[in-house]
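The structure appears right after this line, and notes come after that.
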Amino acid sequence: MQVSIACTEHNLKGRNGDDRHSKQNSSGPNVVNSARARFRTVAIIARSLGTFTPQHHISLKESTAKQTGMKYRNLGKSGLRVSCLGLGTWVTFGGQISDEVAEQLMTIAYENGVNLFDTAEVYAAGKAEIILGNIIRKKNWRRSSLVITTKLYWGGKAETERGLSRKHIIEGLKASLQRMQLEYVDVVFANRPDNNTPMEEIVRAMSYVINQGMAMYWGTSRWSAMEIMEAYSVARQFNMIPPVCEQAEYHLFQREKVEVQLPELYHKIGVGAMTWSPLACGIITGKYENGVPESARASLKCYQWLKDKIISEEGRKQQTKLRDLMPIAERLGCTLPQLAVAWCLRNEGVSSVLLGSSNPEQLVENLGAIQVLPKMTSHIVNEVDNILGNKPYSKKDYRS
């Protein structure tokens with residue numbers, strides 16, 4: 001309340017010209033007092049109309065959209081507000097699904113309050129970015145209402161078309177923007193670390209594309225905590241722009257990085273977490289309980305590694321644990337995928353969870369995890385932990 005009123009008072013001064021100058025041309029303190037009295041009156045009227053009444057206290061890190069129930073969080077400690085659930089395009093756009101289904105998915109997501117859409121130059125060799133851009137243009141959505149992110153590293157077959165050199169970061173991002181028909185992306189991610197490029201060159205190039213208006217922020221994906229810390233230190237040393245976010249895999253069977261390493265980075269340098277694969281590439285959906293269906297992702301030729309993982313001894317143990325989790329989901333009145341996504345969202349260090357869906361029904365189901373989130377009490381979380389038996393050890397509880 002005080003912040004809003006103070007800002008408005010500042011704006012009133014701005015409209016009347018320099019405050020000191022106006023005082024010199026006034027007839028004395030009475031005029032100033034009269035102006036303040038008028039301002040107080042305006043503030044009281046506005047307050048009664050709801051203008052000055054925020055839906056949530058300004059210090060809250062999470063707010064909720066009235067119509068959709070979608071929750072919004074800051075991306076790390078930046079000011080960028082992202083929906084707690086985002087839509088990813090890995091495997092699906094330009095590959096597993098048709099352009100028409102891709103449009104259906106984006107429409108469902110957007111109409112349910114999702115503002116974050118993630119892609120990469122390597123997805124379907126650039127086709128995913130083309131489809132994403134075509135849909136945005138066709139739907140005529142306001143660009144300012146969207147948070148579009150892409151990732152750079154594998155841009156082509158030539159030696160100079162991959163990696164994180166200054167050349168590829170600039171040329172790669174220009175090519176991505178051209179494919180998406182956009183003037184800028186909100187976040188550009190380094191899609192993996194590059195040991196062949198000095199860290200200063202990477203940070204300097206990312207700072208450059210931001211300063212040129214090609215991106216608003218930059219982040220990392222699959223970087224170690226030490227590499228992220230190095231990027232931050234280089235940025236601070238040379239007065240450049242540090243990363244705001246790390247994209248990391250996070251689900252019931254992959255916890256160490258997001259629950260132990262990233263919270264420390266968040267509290268020390270403000271780097272948040274945008275997580276992907278909340279259903280472990282479909283393993284957590286339960287569809288692999290009796291083998292690998294032909295229509296599943298694991299049946300694709302390039303996903304033999306996933307198939308091997310599912311049919312391994314560890315994969316069979318995971319399926320047993322998922323069966324043990326089913327009674328908890330039933331008690332909460334939700335599906336196992338909804339429980340798994342809500343479990344990811346219950347981590348306050350997670351800014352957004354990226355969903356990957358191959359059909360509208362699956363996306364609608366996963367979006368329903370938002371309704372399950374309030375049910376994720378400490379008791380329920382402890383029950384899940386006891387079944388999983390993989391809670392990582394943390395030296396410090398950063399929530400306290």
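The values are calculated or read from the model by the stated rules, or taken from the named source; none is laboratory data. Computed from a predicted model, the values in this text were never measured in an experiment. When we count neighbours, we look across all protein chains shown, and the Cβ atoms used for this are built from the backbone with ideal geometry, even at glycine.
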Fill in: residue 312, sole failed condition from (1) modelled with pLDDT of 95 or more; (2) farther than 28 Å from residue 101 by Cβ
(1)
Worksheet item: modelled with pLDDT of 95 or more, surrounded by fewer than 19 Cβ atoms within 10 Å (Cβ to Cβ) and within 26 Å of the chain's Cα centre (by Cα), is that true of residue 360?
Response: yes
Practice prompt. Any residue in the range 79-102 that's closer than 15 Å to residue 278 by Cα: show its pairings with residues that are of a type in the set (D, E, K, R) at Cβ separation under 6 Å, as long as the two are six or more apart or on different chains.
Written response: 84/71; 84/73; 86/118; 88/118
Fill in: Options 271, 234: the member that is in the same structural domain as residue 353 (by TED's automatic domain parsing), surrounded by fewer than 20 Cβ atoms within 10 Å (Cβ to Cβ) and on the phi < 0 side of the Ramachandran plot
234
Worksheet entry | Residue list for the range 154-186, restricted to those being at positive phi, in contact (Cβ under 8 Å) with a residue 40 or more places away in the chain and not polar (S, T, N, Q) | none
Discussion item. Yes or no: the range 280-297 includes at least one residue that is at pLDDT 95 or above, on the phi < 0 side of the Ramachandran plot and crowded, with 17+ Cβ neighbours inside 10 Å.
Written reply: no
Worksheet entry | Subset tally (residues that are over 19 Å from residue 384 (Cβ atoms) and of a type in the set (Asp, Glu)) for the range 311-326 | 1
Worksheet item: Among (1) under 17 Å from residue 352 (Cβ atoms); (2) of a type in the set (Gly, Ala, Ser); (3) crowded, with 22+ Cβ neighbours inside 10 Å; (4) over 13 Å from the mean Cα position of the chain (by Cα), which single condition is residue 128 missing?
Response: (1)
Discussion item. Test of understanding: among 340, 329, which residue is aliphatic (A, V, I, L, M), under 30 Å from residue 100 (Cβ atoms) and either touching a residue at least 12 places away in the same chain (Cβ under 8 Å) or in a helix (DSSP H, G or I) (or both)?
Written reply: 340
Worksheet entry | Candidate set: the range 341-357, residues that are β-branched (Val, Ile, Thr) and out of contact with any Leu (no Cβ under 6 Å at 6 or more places or on another chain); chosen: the one surrounded by the fewest Cβ atoms within 10 Å (Cβ to Cβ) | 350
Worksheet item: If we scan the range 351-361, do we find a residue that is under 20 Å from residue 272 (Cα atoms), assigned to a helix (DSSP H, G or I) and assigned by TED's automatic domain parsing to the domain that holds residue 82?
Response: no
Fill in: Contacts under 9 angstrom Cβ, first residue in the range 253-266 being within 11 Å of residue 393 (Cα to Cα) and in contact (Cβ under 8 Å) with a residue 40 or more places away in the chain, partner outside any helix (DSSP H, G or I) and aromatic (Phe, Trp, Tyr), 6 or more apart
259/250; 260/393
